[in-house]
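Have a look at the structure below before the remarks.
The values are calculated or read from the model by the stated rules, or taken from the named source; none is laboratory data. Please read these numbers as outputs of a predicted model, since none were measured by experiment. Positions of Cβ are backbone-derived with ideal geometry, glycine not excepted, and every protein chain shown enters the neighbour counts.
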Amino acid sequence: MRLRRSLTHHMVTTNSQFDWLFVVPGLLLIALLGLPLVALFLRALDKDFFVFALSSTALAALRLSLTTSLISVVITLLVGTPLAYILARWDFPGRAGLEMMIDLPVVLPPSVAGLALLIAFGRQGVFGNWLSMLGLSLPFTTTAVVIAQTFVSAPLFVRSARLGFAGIDPQLEEAAHVEGATQWQLFSQVMFPLAGRALISGTMLAWTRALGEFGATILFAGNLEGVTQTMPLAIYLGFERNLDMAVVLSVVLVLVSLVVLGVMRKLDDNRR
């Protein structure tokens, strides 16, 4: 007994001596992530914050960002959830290739994503003539903003949801089939509730990514105030014309993102 206490005391002492191996690298990353945001807020306090934050340009950009990102997330939930379920629970030829194609937009440079959308759906694009025959013109419209946001953010949701569905015990699925459950009943009453936390996490990632989308949007949708100028685009324009405006808009976008993260985390906590 005395030997066990001695060994325990020695382990605690030894561990405390090497805590810096964990604390120091963590503090360095915290500083890297936190100091730029602190500097941004401090710089914004020196400016006429509410004058810029409540300007017509800022309010229009914020309204457009919230509206388009919300539409993007709803579309992602509707079409991404079934796809994630199929990738997680079904076995079919070419699944690995399909997963790679879905994940690809996450690692693509934003300029490449925007150029790909423009070449595909632009007026002179590969599918542009077909869209013109239907009376549709996507580039430089609010619809193009939604498409660009969905293109870059949906893969984040699909990946998270896929992992959530894949982590469910297969025996639950077998038991549901034994009880005579249909595929829809299995999905809606068993799989969907059990994967709830992964779905919420994926939604949070997709929404915040859509809010911050810039590169694909500016190439595919342009930067038209009140039509396609989201908050990131307004910040970019402000950086060229009025740095104070860009700083204040950046702080507003950070605050909005924090609110979105807080709401989604609260929903996640309620499921625990």
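Some observations on this one:
- Among the helices (runs of 4 or more DSSP H) confined to segment 83-135, the ones with at least 3 residues that are hydrophobic (A, V, I, L, M, F, W, C) and within 27 Å of residue 164 (Cβ to Cβ) are located at 95-107.
- The selection criterion, being at negative phi and surrounded by fewer than 22 Cβ atoms within 10 Å (Cβ to Cβ), does not hold for residue 228.
- Residue 96 meets all of the listed conditions (1) loosely packed, with under 14 Cβ neighbours inside 10 Å; (2) under 15 Å from the mean Cα position of the chain (by Cα); (3) not acidic (Asp, Glu) but one, namely (2).
- Evaluation of residue 251 against (1) in contact with a helix residue (DSSP H, G or I) (Cβ under 9 Å, 6 or more places away or on another chain); (2) free of Cβ contacts under 8 Å to residues at least 24 places away in the same chain (one fails), failing number: (2)
- Exactly one residue out of 157, 165, 220, 192 is under 24 Å from residue 79 (Cα atoms) and under 14 Å from the mean Cα position of the chain (by Cα): that is 157.
- So residue 237, is it of a type outside the set (D, E, K, R), without any contact (Cβ under 8 Å) to a residue 24 or more places away in the chain, within 16 Å of residue 64 (Cα to Cα) and surrounded by fewer than 23 Cβ atoms within 10 Å (Cβ to Cβ): yes
- Segments classed as helices (runs of 4 or more DSSP H), wholly inside segment 172-272, with at least 1 members that are at pLDDT 85 or above: 196-211, 215-220, 231-241, 243-270
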